[in-house]
Amino acid sequence: MIEFAHVSCAYEKDRPVLRDVSFSVQEGETVGLIGCNGAGKSTVMKLLLGLLPCSDGKITAAGLPVDKAHLAEIRAKIGVVLQDPETQMFMPTVYEDMLFGPMNYGLSREEADRRIDAALEQLQIGHLKHRHNHRISGGEKRMAAIAVILAMQPDILLMDEPTAALDPYNRRKVIEVIRNLPGTKMITSHDLDMICETCERVILLCDGAVCADGPAEQVLRDRELLEAHRLELPLRYAHIR
Amino acid sequence: MNRMDTALRELAGMDDLAALSSGIHDLHPGVKLLAAIIYIATVASFGKYDLSGLLPMVLWPVLLYQLSGIPVSLCFRRLRFVLPLVLAVGIWNPFMDRQPLLRIGMMTVTAGMLSMCTLMLKGVLCLLASFLLMATTGIDRLCAALRAMHVPEYAVTLLLLTYRYIAVMLREVSVMTDAYSLRAPGEKGIRFRAWGSFLGQLLLRSMDRAQALYDSMLVRGYRGEFYYAGTRPVQGRDLLFLALSAAACMFFRFVPAAQILGSLFI
């Protein structure tokens, strides 16, 4: 479903952000992408969406190469929850924001409305539907940003720090939603407990390279590996010596 | 709350106004745009001494403001920074054009005074019409109307992003001024020496934010069209409104209504 083959990327010459990154994600798999600040997690997402050009290697998403000719088709299949909901929510109201994607992809207003209501119901935030984006709190905006993408019902879901700024109750709701969502999911986060609960596989990025790739249980229990890459064991494994 | 927050809220308030419901709000955005263009072109076409001819043109915006439920005072409040510029347009005319036209008691009214008043009124009327269009339509529906009128995609996208960019930039200014004042508690405003780096940072930060916002539009299928704006086909009432607006503009442009009305009393 997603494939990175020897991908390298640099914002500035001689300062690569990703170095020879290779991995693949199978259909229906939920993969956690972890790493310390500046490891290249968000860059992987941007490359996958064609928002950045890669200097080397080949990226494939939904069976299509990520290039200019296939961008529209690929983006129609990928939904992305951005790290900063402020940049994701640009329409006046939550409802209009949720309408933006489905209508751009040619859905009827009735179908879009049905999806919007379902997504709001799923996250239990129906009360936000007609609220103005500039008048809701940071946490509410985060929930609305997730609902915006759920309404698009993408084949591949990318989530960049989906639980950041959420209170424990909403964090739990988001975790449950991710667990119950069908399709391929790729989640980047520093919330390793959330990664533990939602992902079956984890890819650890460090200085733009893949340092570990394996079952979540295995990677997230490895104190030595995590601490060597400026991470900590998730709380549930904190007792492990 | 700093001044930028206030400005940001006022900008967001335009969306609130556009979300109201009235006969004017419900009109087709393309029709409203055309009516506004016709009105502005008519206002602009009056001669510089034709103040009496221009006066009846006040009726159109006053009527529409009433019908749409948007207070005229709100327009003047929101446009308080632009109005002085508009009013300043003809400020030199009384000094340049001193030809006497008539006397009212002890005061001589010169051609320059008359042309200054005409120019000021023209500016105010154009602002009133533009504000009403934005307040009853909203930027997205307006852009959808422009696309339906075959205005090139890049021009419409530029307009949309400029509008969104203003909000992004105001938000950045707000965050930066707050951060500055928290670390410079004794200072009023921003120290002159800091202006260079402040503006540079503002430009870079708001460009980053604007790019992220555009990326967010792209990944949700934006390709220069406004399917989400919910534009409906033009209906009979839209055409009736356009015809009435155009007829009113033509009537007041070519029939000296104020003079005729005046002659009834004098």
Sulfur and carbon atoms: percent of accessible area, region B:133-174 [1.4 Å]: 72 percent
Positive minus negative residues near B:Phe198 (Lys, Arg vs Asp, Glu; Cβ under 12 Å): +2
Relative contact order %, chain A, counting alpha carbon pairs below 8 Å whose residues are six or more apart: 25 percent
Reduction of at least 20 Å² in accessible surface, 1.4 Å probe, comparing all protein chains with the chain by itself, residues of region A:19-55: A:Leu51
Candidate lysines - alpha carbon under 22 Å from B:Lys32, same-chain residues fewer than 8 apart omitted: B:Lys122
Descending semi-axes in Å of chain B, equivalent ellipsoid built from Cα gyration tensor: 38, 29, 15
Among B:Ala18, B:Ala35, B:Thr6 the positive-end extreme of the charge dipole of region B:1-41 (Cβ point charges): B:Ala35
Helix-only CD estimate at 222 nm, as mean residue ellipticity for the protein assembly as shown, using -39500 (n - 2.57) per DSSP H run (n ≥ 4): -16500 deg cm²/dmol
Loop-resident sites, region A:160-231, for trypsin sites (Lys or Arg not before Pro), counting at most 16 other Cβ within 10 Å (DSSP): A:Arg221, A:Arg230
Residues of region A:82-100 buried by at least 40 Å² on assembly (accessible area, 1.4 Å probe, chain alone as reference): A:Glu86, A:Thr87, A:Phe90, A:Met91, A:Pro92, A:Phe100
DSSP H segments from chain B that extend 18 Å or more along their own axis, Cα-based, with Kyte-Doolittle mean of 1.0 or above: B:29-45, B:111-137, B:236-254
A versus B: buried accessible surface, summed, Å² (probe 1.4 Å, to nearest 100): 2300 Å²
Cα gyration tensor, region A:181-241 - rounded (a/c under 1.5), prolate or oblate: oblate
Viscosity 1.567 mPa s, 4 °C: Kirkwood-radius Stokes-Einstein D of the protein assembly as shown over Cα pairs, µm²/s: 49 µm²/s
Two-decimal Rg/Rh across chain A, once Rg and the Kirkwood Rh are taken from alpha-carbon atoms: 0.97
Accessible surface, the protein assembly as shown, averaged per residue in Å² (probe 1.4 Å): 50 Å²
Excluding exposed DSSP-loop GluC sites (Glu not before Pro) (at most 15 other C-beta within 10 Å), longest clean stretch of chain A: A:28-199
Per residue Cα convex hull volume in Å³ - calculated over region B:167-266: 277 Å³
Kirkwood-based Rg to Rh ratio, region B:58-160, C-alpha trace: 1.13
Rounded tilt (10° steps) of A:109-122 against the dominant C-alpha axis of chain A: 60 degrees
Spatially proximal lysines relative to A:Lys185 (Cα-Cα < 26 Å; intrachain offsets below 8 disregarded): A:Lys41, A:Lys46, A:Lys58, A:Lys68, A:Lys77, A:Lys129, A:Lys141, A:Lys173
Loop chymotrypsin sites (Phe, Trp or Tyr not before Pro), region A:1-101 (other Cβ atoms within 10 Å of the site Cβ: 12 or fewer; DSSP): none
Estimated Rh, region B:94-138: Kirkwood, alpha-carbon pairs, angstrom: 12.3 Å
In Å², nearest 10: area of A:Leu51 left accessible to a 1.4 Å probe: 40 Å²
Isotropic mean projected area of the C-alpha convex hull, region A:1-143 (nm²): 10.1 nm²
Acute angle (nearest 10 degrees) that the helix A:94-104 long axis makes with the longest principal axis of chain A, alpha-carbon atoms: 80 degrees
In region B:48-94, trypsin sites (Lys or Arg not before Pro) in a DSSP loop with at most 13 other beta-carbon atoms within 10 Å: B:Arg80
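The values are calculated or read from the model by the stated rules, or taken from the named source; none is laboratory data. Quantities reported herein were computed from a predicted structural model and do not represent experimental measurements. Because the Cβ atoms are built from the backbone with ideal geometry, glycine has one as well, and the counts that use them run over all protein chains shown. Accessible surface is based on the protein model in full, side chains and every heavy atom, while ligands, DNA and RNA are left aside. Shrake-Rupley method; radii C 1.70, N 1.55, O 1.52, S 1.80 Å.
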